[in-house]
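Everything on this sheet refers to the single structure shown next.
The values are calculated or read from the model by the stated rules, or taken from the named source; none is laboratory data. What you see is a predicted model; the values in this text were computed from it and never measured. Please note: Cβ atoms are built from the backbone with ideal geometry, for glycine as well, and neighbour counts cover all protein chains shown. In case anyone asks, the SASA skips ligands and DNA or RNA and just uses the protein heavy atoms, side chains included. Shrake-Rupley method; radii C 1.70, N 1.55, O 1.52, S 1.80 Å.
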Amino acid sequence: MDRSAFPHFLAITTRWKDNDVYGHVNNVEYYSFFDTVINEFLIRAGGLDIHGGPVIGLCVESQCTFKASLAFPDTVDAGLRVAKLGNSSVTYEIGLFRSGAAEPAAIGRFVHVFVGRADRRPVPLPDELRTALEGIA
C-alpha cells in the first residue's frame, strides 16, 4: 500500500518527547497519530462536534503494522481512507509516511462505532459525517 491509496493527508510534526530510549518514535505514539488524523478529518470535513454534539465516536478496535522507524524531527504524513462504512460504524485504514516517502512506516486499522453521547448506544451516522466519509472511501 503506497501513498496513492490515501485520499486525505495530515502533516503531523513529531516532538522530542515522542522518541524513546532507542532513538525512534515509540509505538504508542503511532496510535496517537492515527487518532489525530481521524479526528481532524471528522471535525473539519464531517462537522463532528466533539464537545457538545449528540453523537460521538468510540474506538472499538485498532491495530498497527510497523514497517520502518520514525524519529524526531520527522514530519509524518498521515494518510486516511475509509475501508468499510456501515450504518453506525466506520473502519479506517491509515498510512504513516515519513515526509516525502512513497512507502509507509506503518499501516493502521481503526474502527469507530458512533453512539449517542448520553446513552452510549449505537446511532446511524449523521448525514454530514456520512457524506464526508463517503468522500474518502
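With mean projected area of the Cα convex hull in nm² in mind, check [x] 8.2; [y] 7.7; [z] 9.5 and report the label derived from this structure.
Correct label, based on the coordinates given: [x].
Below 8 Å, C-alpha to C-alpha, sequence gap of six or more: please give me the relative contact order for region 1-124 in percent. Write out the running numbers ahead of the final one.
On the way: 247 pairs, mean separation 39.1, N = 124.
32 percent.
With the Cα gyration tensor of region 41-111 in hand, give its eigenvalues times 5 under a square root as the equivalent ellipsoid semi-axes, listed largest first in whole angstrom. Don't skip to the end; give the middle numbers.
Numbers: eigenvalues 136, 43, 22 Å².
For region 41-111, the semi-axes come out at 26, 15, 10 Å.
Farthest toward the dipole's positive end in the chain, which of Tyr31, Pro124, Val76, given Cβ charges of +1 (Lys, Arg) and -1 (Asp, Glu) about the Cα centre?
About the Cα centre, the residue reaching furthest to the positive side is Pro124.
Kindly express, to the nearest 10 degrees and within the range 0 to 90, the angle between helix 27-44's C-alpha long axis and the longest C-alpha principal axis of the chain.
Between the helix axis and the principal axis of the chain, the angle is about 40 degrees.
Give me the accessible area of Asp49, 1.4 Å probe, in Å² rounded to the nearest 10.
Rounded to the nearest 10, the figure is 80 Å².
Can you list residues whose amide H is under 5 Å from Gly86's amide H, if they're 5+ apart or on another chain and H is modeled 1.01 Å from N?
Those lying under 5 Å, H to H, from Gly86 are Thr91.
Any idea what the dipole of region 1-103 comes to, in debye rounded to 20, about its Cα centre with Lys/Arg Cβ at +1 and Asp/Glu Cβ at -1? Provide the component values of the computation, followed by the final result.
On the way: 8 positive and 12 negative charges, 27 e Å.
It works out to roughly 120 debye.
Run through region 78-137 and list the trypsin sites (Lys or Arg not before Pro) located in a DSSP loop whose Cβ has at most 15 other Cβ atoms within 10 Å. Please report the intermediate quantities before stating the final value.
Details: sites: Arg81, Lys84, Arg98, Arg109, Arg117, Arg120, Arg130; in loops: Arg117, Arg120.
Here the trypsin sites (Lys or Arg not before Pro) that fit, given the DSSP loop and packing criteria, are Arg117, Arg120.
Just grab the label-to-label distance for Arg109 and Ala68, each label 7 Å out from Cα along the Cβ direction, in nm (one decimal).
Label at Arg109, label at Ala68, 2.3 nm between them.
When all protein chains stay in place, what accessible area (Å², nearest 10, 1.4 Å probe) is found for Ile12?
Roll a 1.4 Å probe over it and Ile12 shows about 20 Å².
Roughly to the nearest percent, how much of the accessible area of the chain is carbon and sulfur, given a 1.4 Å probe? Each step should come with its number before you reach the end.
Details: 3690 of 7120 Å².
Its accessible area is 52 percent carbon and sulfur atoms.
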